[in-house]
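In what follows, a single structure is set out as structure tokens and then discussed.
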Amino acid sequence: MSTADQHTIPEQVRQLEQLAHRRGWKVIRTVREVASGAAKRAKRDELLDDARRRELDAILVWKLDRWGRSVADLVATLNELTALGVAFVSMTEALDLSTPSGRALAGMLAVFAEFERDMLRERVRGGLERVRREGKRLGRPPTAASHASEVHALRRRRLTHAEIARRLGIGESSVRRILTAKV
């Protein structure tokens, strides 16, 4: 639930339980996972594990965006649930994968997920091309390599690898790599 919806959780649960009752489904678990954009959602993962073990026949959610955090994630999990034969119902969007129209809507979601991935890919490519045209360097910034002359100078003064690394603020392995590199 989003923070704004938290005061309605009991009402949401009540309506979902009524829907299950009308369908003749027995509620085996009610999950209330309040997380703010969390990437890892333990309760959802537990429900997916239960579905994989065939311990449930349906998952009911109040809102679609409470199940998936992105279109791609949503489509992937809905496809998995469909393959497992688990019904998925989103109350507010009237999405019901146990019906032909619900499965058609899920197919459209898959199209939008692919579109979202393609658009993101194009934006990333465009950004990389722009950065290259501007002559900016891509990738990790050079760190230890920029200290090569200092590393060699300190080594000529007979400092240990560890002392050189401490003085320059770089790793000992970087010092060794610089000193063993063929110039």
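The values are calculated or read from the model by the stated rules, or taken from the named source; none is laboratory data. This one's a predicted model, so the numbers in the text were calculated from it and none came from an experiment. Because the Cβ atoms are built from the backbone with ideal geometry, glycine has one as well, and the counts that use them run over all protein chains shown.
The single condition among (1) modelled with pLDDT of 80 or more; (2) closer than 30 Å to GLU172 by Cβ; (3) surrounded by fewer than 11 Cβ atoms within 10 Å (Cβ to Cβ) that LEU154 does not satisfy is (3).
Residue-by-condition table, conditions (1) under 23 Å from the mean Cα position of the chain (by Cα); (2) small (Gly, Ala, Ser):
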{"residue": "ASP49", "(1), (2)": "yes, no"}
{"residue": "LEU74", "(1), (2)": "yes, no"}
{"residue": "THR92", "(1), (2)": "no, no"}
{"residue": "LEU97", "(1), (2)": "no, no"}
{"residue": "GLY107", "(1), (2)": "yes, yes"}
{"residue": "VAL111", "(1), (2)": "yes, no"}
{"residue": "GLU114", "(1), (2)": "yes, no"}
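Residues in region 109-144 that are over 28 Å from ILE170 (Cα atoms) and either in contact with a helix residue (DSSP H, G or I) (Cβ under 8 Å, 6 or more places away or on another chain) or touching a residue at least 24 places away in the same chain (Cβ under 8 Å) (or both): 6 in all.
Residue count for region 54-71 under the criterion of being part of a loop (DSSP other than H, G, I, E, B) and either small (Gly, Ala, Ser) or under 14 Å from ASP96 (Cα atoms) (or both): the result is 6. Would you point out the residue of region 1-44, among those that are part of a loop (DSSP other than H, G, I, E, B) and at pLDDT below 60, that is nearest to LEU56 (Cα to Cα)? Here the answer is MET1.
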